[in-house]
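Read the structure below first, then the notes.
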Amino acid sequence: MMFDQLAGAISSVVKEFGPRQRITEEGIKPALRSVRRALLDADVNIDVADALIDGVRKRSLGEEVIKGVTAEQQFVKAMYDELVDMMGGDSEATPLMAVEMIGIKTNAPASTLAVGQPGDPVVVLLAGLQGAGKTTAAGKLALYLKEREVDYSVEVESDKPIMINDLPKRNRKVLLAAADVYRPAAITQLEILGKSVGVEVFSMGTDTDPVDIAQAALEKAKAEGFDTLIVDTAGRQVIDDNLMAELQRIQKTVKPDETLLVVDAMTGQEAASLTAAFDSAVGLTGAILTKMDGDSRGGAAVSVRGVSGKPIKFIGVGERTVDLEPFYPDRMASRILGMGDVLSIVEKASAALSTEDAARMTEKAKNAQFDFDDFLQQANAVKNMGSLGKMAKMMPGMNGMISDEQLVTAEKRLKKNEAMIQCMTTEERGNPDLFIRDKSSRERIQRLADESGYSTTEIRQFISEFQKMRTMMSRMTKSAGAMNPDSDEEMVMPGNRATRRAMKKKNKVGRGGGGGFG
């Protein structure tokens with residue numbers, strides 16, 4: 001997966017620091033040499049790698065090791081700050097949002113898109129070579145702007161930690177323009193994507209000049225109250241004069257507010273050179289990196305801004321239309337250094353499961369009433385967040401701990417469990433005890449085995465695991481409530497029988513409303 005090799009190499013380097021009172025040049029020279037080699041192996045541009053290493057050296061040299069912090073941690077902090085700045089962020093910026101319960105802070109994305117008004121739309125021109133995923137990126141971007149784009153200009157007053165999902169959305173009215181008249185089925189592909197995301201697509205066939213298509217699309221957007229126009233242009237196998245000339249003519253006609261280069265992350269540092277070449281020819285405002293979920297080594301993410309000076313605005317992280325995310329330099333730096341990306345997991349979870357559903361499930365789990373329908377709902381929420389592999393890679397310390405084979409096995413097992421539940425009756429899904437304590441449990445298990453195609457042994461194993469999971473969830477939620485000083489729940493301490501008995505006796509004192517007889 002992306003960054004696995006780089007994160008592993010950097011982690012092995014910092015472990016060799018040992019106890020130090022002061023970071024000196026001689027002390028960090030071997031580590032910097034190893035980090036530079038890891039960056040180059042990850043296909044980071046050599047000039048960017050040298051600049052990054054020089055920046056880390058300047059941040060680290062002569063620094064006293066802060067009390068309570070190891071030299072290893074201080075070196076990683078210098079690496080983190082330099083990576084954030086290199087990728088277009090600001091390591092000195094005050095975070096806009098914080099998740100206090102898990103101690104995570106985050107900044108806004110490095111760069112956001114220009115905003116238009118109904119009748120005066122902002123024009124986003126997409127450029128790139130063939131095969132980079134430009135048309136797919138157009139559909140993904142349209143969906144993101146329509147449903148998920150956050151309005152950072154609105155101040156939200158709240159006493160509680162604010163998640164990005166809690167901030168207001170812009171909910172743009174987007175029009176897609178199909179101006180790629182050369183690639184077979186490009187227009188049809190965009191029309192299918194537009195229909196799937198609920199966005200109108202404007203096209204004039206393959207016999208019309210792309211400049212005329214873009215002009216007519218802009219006129220339609222103005223007349224019909226669209227606030228954003230995304231123009232999907234043609235690509236080429238290589239950069240040539242015809243490609244650049246056509247882009248320049250479209251730019252001159254529609255005067256785009258944003259010209260974004262869609263570039264394949266799997267091209268490594270070549271993505272940075274490509275961005276610089278397009279920028280010198282047509283003038284870019286940023287880039288969209290696609291296929292960030294692939295097996296490339298991550299050099300593109302680190303190199304693009306360092307070489308071209310243009311920010312990465314979005315990254316494609318999967319094949320689904322929802323798999324487009326704003327580019328957060330701080331989160332990317334955290335992933336590169338093997339520290340995970342917990343905040344993205346929290347955001348995905350809150351988007352996949354509403355606050356009301358989460359509260360309802362927590363209450364059911366606490367009372368050991370979690371049923372098979374709840375299991376299915378949570379399984380679907382996990383799938384909406386992405387694959388188990390993606391989630392595991394974002395967890396701190398999990399990188400390299402779980403093999404791809406183990407993740408594949410876990411996903412297969414989850415699918416098998418879902419298939420078993422789908423064969424249950426409505427009554428059975430809502431009452432798991434019918435398979436455990438009911439006198440008809442044996443007949444139900446046999447029927448379920450016949451209908452699902454799995455053996456009775458597999459069915460019994462799943463039900464046993466489900467029951468254990470339900471019991472554990474109940475204990476954990478009750479313990480969490482006991483640790484909350486504001487909770488009205490009775491404190492429960494599973495595993496300590498004497499303490500529980502003492503608490504019960506204490507709670508009995510004074511009950512009944514009177515002061516006793518004496």
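Here is how the numbers come out for the structure above:
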| read-out | value |
| --- | --- |
| Charge context of Thr426, other residues only, Cβ under 12 angstrom, K/R +1, D/E -1 | -3 |
| Computed E for Arg360/Ala216 - FRET, C-beta separation, R0 60 angstrom, nearest 0.05 | 0.75 |
| Karplus-derived HN-Hα couplings along the range 211-219 (A = 6.51, B = -1.76, C = 1.60, θ = phi - 60°), whole Hz, x at Gly and Pro | 5, 5, 5, 5, 5, 5, 5, 5, 5 |
| ³J(HN,Hα) computed for each position of the range 445-459 - Karplus, 6.51 cos²θ - 1.76 cosθ + 1.60, integer Hz, glycine/proline x | 5, 5, 4, 5, 5, 5, 7, 8, x, 9, 6, 4, 5, 5, 5 |
| Efficiency of FRET from Cβ geometry, Ala185 and Thr24, R₀ 51 Å, rounded to 0.05 | 0.25 |
| Gln406 paired with Thr471, simple spin-label distance in nm, labels 7 Å along Cα-to-beta-carbon | 2.5 |
| Gln130 long-range amide H proximity, modeled H, under 5 Å | Arg236, Gln237 |
| Integer Hz, Karplus 6.51/-1.76/1.60 couplings in order for the range 48-57, x for Gly and Pro | 5, 4, 5, 5, 5, 4, 5, x, 5, 4 |
| Heavy-atom SASA rank of Arg444, Arg172, Arg475, Arg305 (probe 1.4 Å, accessible area, largest first) | Arg475, Arg305, Arg444, Arg172 |
| Distant-in-sequence amide H partners of Gly286 (H built 1.01 Å from N, under 5 Å) | Thr259, Leu261 |
| Accessible area (Å², 1.4 Å probe, nearest 10) - Lys169 | 60 |
| Label-to-label distance, nm, for residues given as Gln117 and Arg320 (7 Å Cα→Cβ offset) | 3.7 |
| Gain upon complete extension [Leu40, Val238; 0.36 nm per residue less C-alpha separation] | 68.8 nm |
| Separation between Cα centres of the range 227-288 and the range 116-147, rounded to whole Å | 12 |
| Long-range HN-HN contacts of Ile23 with modeled amide H, under 5 Å | Gly62, Glu63, Val65 |
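The values are calculated or read from the model by the stated rules, or taken from the named source; none is laboratory data. Just so you know, these numbers come straight off a predicted model, no measurement behind them. Backbone-built Cβ (ideal geometry, glycine too); neighbour counts: all protein chains shown. Side chains included, ligands, DNA and RNA excluded: accessible areas come from the protein's heavy atoms. Shrake-Rupley method; radii C 1.70, N 1.55, O 1.52, S 1.80 Å.
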